[in-house]
1. For a quick check of your reading of the model, give me the residue pairs whose first member lies in segment 74-88 and is over 11 Å from TYR104 (Cβ atoms) and hydrophobic (A, V, I, L, M, F, W, C), whose second is at pLDDT 95 or above and part of a loop (DSSP other than H, G, I, E, B), with beta-carbon atoms closer than 6 Å and at least 6 apart or on different chains.
2. Taking VAL34 as the residue in question, decide whether it is surrounded by 11 or more Cβ atoms within 10 Å (Cβ to Cβ), assigned to a helix (DSSP H, G or I) and either of a type in the set (A, V, I, L, M, F, W, C) or modelled with pLDDT of 95 or more (or both).
3. Can we say GLN84 is at negative phi, at pLDDT 95 or above, in contact with a strand residue (DSSP E or B) (Cβ under 6 Å, 6 or more places away or on another chain) and not β-branched (Val, Ile, Thr)?
4. Look at segment 42-56 and say how many of its residues are surrounded by 12 or more Cβ atoms within 10 Å (Cβ to Cβ) and either hydroxyl-bearing (Ser, Thr, Tyr) or touching a Cys at 6+ places or on another chain (Cβ under 9 Å) (or both).
5. Identify the single condition in (1) without any contact (Cβ under 8 Å) to a residue 60 or more places away in the chain; (2) surrounded by 12 or more Cβ atoms within 10 Å (Cβ to Cβ) that THR69 does not satisfy, given that it satisfies every other one.
6. Being of a type outside the set (A, V, I, L, M), free of Cβ contacts under 8 Å to residues at least 60 places away in the same chain and surrounded by 11 or more Cβ atoms within 10 Å (Cβ to Cβ) is the filter here, so list the residues in segment 10-22 that pass it.
7. What's the number of the condition GLY49 fails, among (1) of a type in the set (Gly, Ala, Ser); (2) assigned to a helix (DSSP H, G or I); (3) in contact with a helix residue (DSSP H, G or I) (Cβ under 9 Å, 6 or more places away or on another chain)?
8. Which numbered condition trips up ALA41, out of (1) part of a helix (DSSP H, G or I); (2) out of contact with any helix residue (DSSP H, G or I) (no Cβ under 7 Å at 6 or more places or on another chain); (3) within 21 Å of THR3 (Cβ to Cβ)?
Amino acid sequence: MTTKEEMKEKYIAQLEEVGVSVDEELLDWVIDRVGPANYTADGQLVACGDEDEKKRVFTGFVADELEETDEEKGMQAIEDVCEQLSGVNRKYRAVVYYLLAKKYGK
């Protein structure tokens with residue numbers, strides 16, 4: 001089984017690939033919010049081309065954890081992050097959530 005530290009190394013590598021410096025304390029917070037999805041093949045990734053998936057990201061993280069009540073604003077933030085990661089084939093959920101948390105000043 002993959003450990004939290006092994007997954008964290010993958011997330012850091014992906015963030016660095018897109019030129020983002022990593023706040024490890026924030027990344028740990030995000031990894032805890034992602035929970036068991038960190039360790040499942042489907043759950044650990046975000047499909048930015050899937051509108052239902054982006055809605056789940058809004059509902060499950062942006063609204064719940066980042067407390068964004070304006071759905072339009074939250075969905076735009078998700079679109080912005082997806083665009084930022086457009087060159088990345090497999091977008092880790094923790095990386096998407098990390099970038100959203102940074103956008104929201106966490």
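1. Short answer, once both residue conditions are applied: CYS82/CYS48; LEU85/LYS91.
2. On the way: surrounded by 11 or more Cβ atoms within 10 Å (Cβ to Cβ): yes; assigned to a helix (DSSP H, G or I): yes; either of a type in the set (A, V, I, L, M, F, W, C) or modelled with pLDDT of 95 or more (or both): yes.
Yes.
3. Numbers: at negative phi: yes; at pLDDT 95 or above: yes; in contact with a strand residue (DSSP E or B) (Cβ under 6 Å, 6 or more places away or on another chain): no; not β-branched (Val, Ile, Thr): yes.
So GLN84 does not fit the description; no.
4. Counting residues in segment 42-56 that are surrounded by 12 or more Cβ atoms within 10 Å (Cβ to Cβ) and either hydroxyl-bearing (Ser, Thr, Tyr) or touching a Cys at 6+ places or on another chain (Cβ under 9 Å) (or both) gives 3.
5. (2)
6. Residues of segment 10-22 of a type outside the set (A, V, I, L, M): 10-11, 14, 16-17, 19, 21.
Right, trim to free of Cβ contacts under 8 Å to residues at least 60 places away in the same chain and you get 16, 19, 21.
Result: GLU16, single match.
7. Among (1) of a type in the set (Gly, Ala, Ser); (2) assigned to a helix (DSSP H, G or I); (3) in contact with a helix residue (DSSP H, G or I) (Cβ under 9 Å, 6 or more places away or on another chain), GLY49 violates only (2).
8. In the conditions (1) part of a helix (DSSP H, G or I); (2) out of contact with any helix residue (DSSP H, G or I) (no Cβ under 7 Å at 6 or more places or on another chain); (3) within 21 Å of THR3 (Cβ to Cβ), ALA41 misses (1) alone.
The values are calculated or read from the model by the stated rules, or taken from the named source; none is laboratory data. What you are looking at is a predicted structure, and each value in this text was computed from that prediction instead of being measured. Cβ atoms come from the backbone with ideal geometry, glycine included; neighbour counts cover every protein chain shown.
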